[in-house]
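Novice: One structure coming up, written as structure tokens, with questions to follow.
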Amino acid sequence: MNLHEYQGKEILASFGVDIQRGIVADSPESAAQAALKLTEETGTSWYVIKAQVHAGGRGKGGGVKLAKSINEVKSIAEQIIGMQLITPQTSAEGKTVHQVLVTEDVYYPGESETSEFYMSVLLNRGTGRNMIMYSTEGGMDIEEVAEKTPHLIFTEEIDPSVGLTGFQARNIAFNLKLEGKAFKEMTRFVSALYKAYEQSDSSLFEINPVLKTSDDRVIAVDAKVTLDDNALFRRKAYAEMRDTREENPIEVEAKALGLNYVDLDGNVGCMVNGAGLAMATMDLIKMAGGEPANFLDVGGTADAKRVEEAFGIILKDPNVKAILVNIFGGIVRCDRVANGIVDAYKNMADQINVPIIVRLQGTNAELAKEIIDQSGLEVQAAVQFQEAADKVKAVLA
């Protein structure tokens, strides 16, 4: 589950990570009030207005702007709230901005220069260990840094039996070429950041940039946080941070129905049971000359009600030209699935306007094919993978 910047910063602050302070606002008036409150609390006279959407590159799309007065805060907030923000990480339509984060200015003059760093905490799937990745090149796209100057990206892998050690935190500060107070602040920052990542059940913490201020404070100026959905049952306060306005509405509806669904850009809808079979089915569709329109796993239950719900979700996508149902009947018998498909089809016959190919394998597979063939419905039964692929290719021709 992705979080907004202000939500990620709330989690960071709760674990002792220093952050750029800010107040979220959903109107120009509340943005001006937020700026006034920040001035009272921090003494700042300049403010940064940041669009709150689940996408990076907000500054490139005009979603991050500097205001030098309260009136300017209100004017900029009026421009940003309600806009369709288009960034390298959004679709061509962009995302609607519903709220902004009004933050203090942390690039104030001082005795030394400011420095920006990149830092993230994530799982290295190759080694099965958590990893801190960091670079002196903060404020830039890390992909660009990796491509052009890979020697400027460092990593620290964390032994799960020991955790982050003091030596590793100091090594990070050393590689970032810090010294004195800034060195100590960075080691403290790293320790608190890793604690936040581990104890919040996150799958990603990305801070870009981490700022060394002119008075040698080390703070998180941005925060991209992704929580592990599987752990939300024990993090109810975090689960309430979910903003469904930022998510695909079809995926939100499917989740409410208990369906594992991911929307894709193809033209063939998939209904399967099991993630492995889903991946194989998507490959099958591509081999047949089509493109998968979704990933949809109905799980171990495939009765009429669940099949009908799955059909309903798939058919919400106007790009779907055909539906391939590929079910392995192990826990649930194939004949029961076939009856569920027939009943669901009859219940929503007026909504189904695309060809449906059904491949059922496993317990009572032959009986299931008979049920499909004798139903009199416009449903094509297949037995082998290749046969299903041929039928998909034929209906797309």
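The values are calculated or read from the model by the stated rules, or taken from the named source; none is laboratory data. All values reported here derive from a predicted model rather than from experimental measurement. Positions of Cβ are generated from backbone atoms using ideal geometry, with glycine treated the same way; all protein chains shown enter the neighbour counts.
Novice: For the stretch 291-321, give me the residue count where each residue is buried (at least 22 other Cβ atoms within 10 Å of the Cβ) and either farther than 14 Å from Met348 by Cα or free of Cβ contacts under 8 Å to residues at least 24 places away in the same chain (or both).
Specialist: Looking only at that region, the number is 6.
Novice: What is the one condition in (1) touching a strand residue (DSSP E or B) at 6+ places or on another chain (Cβ under 8 Å); (2) closer than 27 Å to Gln199 by Cβ; (3) of a type outside the set (Lys, Arg) that Phe15 does not satisfy?
Specialist: Phe15 satisfies every listed condition except (1).
Novice: Go through the stretch 210-227 and count every residue that is within 16 Å of Ser14 (Cα to Cα), in contact with a helix residue (DSSP H, G or I) (Cβ under 7 Å, 6 or more places away or on another chain) and either without any contact (Cβ under 8 Å) to a residue 40 or more places away in the chain or part of a loop (DSSP other than H, G, I, E, B) (or both).
Specialist: Number of matching residues: 2.
A quick yes/no check of all residues on (1) within 24 Å of Ile23 (Cβ to Cβ); (2) outside the structural domain of Ala31 (by TED's automatic domain parsing):
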residue: Val53; (1), (2): yes, no
residue: Thr90; (1), (2): no, no
residue: Gly94; (1), (2): no, no
residue: Tyr134; (1), (2): no, yes
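Novice: Also, quick follow-up: What's the number of the condition Lys195 fails, among (1) buried (at least 21 other Cβ atoms within 10 Å of the Cβ); (2) part of a helix (DSSP H, G or I); (3) in contact (Cβ under 8 Å) with a residue 60 or more places away in the chain?
Specialist: (1)
Novice: Next question. Which of (1) under 24 Å from the mean Cα position of the chain (by Cα); (2) of a type outside the set (Phe, Trp, Tyr); (3) buried (at least 18 other Cβ atoms within 10 Å of the Cβ) is the odd one out, the single condition Met83 does not satisfy?
Specialist: If we test Met83 against (1) under 24 Å from the mean Cα position of the chain (by Cα); (2) of a type outside the set (Phe, Trp, Tyr); (3) buried (at least 18 other Cβ atoms within 10 Å of the Cβ), just (3) comes out false.
Novice: Continuing with the same structure: So the check is Cβ under 8 Å with 6+ separation or different chains; which pairs have a first residue in the stretch 366-381 that's in the same structural domain as Ala349 (by TED's automatic domain parsing) and basic (Lys, Arg) and a second one that's in a helix (DSSP H, G or I) and surrounded by 14 or more Cβ atoms within 10 Å (Cβ to Cβ)?
Specialist: Short answer, once both residue conditions are applied: Lys369/Ala338.
Novice: Among the residues in the stretch 22-31, are any part of a helix (DSSP H, G or I), over 20 Å from Ile219 (Cβ atoms) and touching a residue at least 60 places away in the same chain (Cβ under 8 Å)?
Specialist: Yes, some residue in the stretch 22-31 is part of a helix (DSSP H, G or I), over 20 Å from Ile219 (Cβ atoms) and touching a residue at least 60 places away in the same chain (Cβ under 8 Å).
Novice: In the stretch 258-360, which strands (runs of 3 or more DSSP E) lie fully inside it and hold 1 or more residues that are under 31 Å from the mean Cα position of the chain (by Cα) and under 20 Å from Ile372 (Cβ atoms)?
Specialist: Answer list for the stretch 258-360: 268-272, 294-297, 322-329.
Novice: Taking the residues in the stretch 35-58 that are assigned to a loop (DSSP other than H, G, I, E, B) and β-branched (Val, Ile, Thr) as candidates, determine which candidate is farthest from Tyr6 (Cα to Cα).
Specialist: Thr44
Novice: Kindly list the number of the only condition in (1) under 24 Å from Val262 (Cα atoms); (2) buried (at least 18 other Cβ atoms within 10 Å of the Cβ) that fails for Arg333.
Specialist: Only one criterion in (1) under 24 Å from Val262 (Cα atoms); (2) buried (at least 18 other Cβ atoms within 10 Å of the Cβ) is unmet by Arg333, namely (1).
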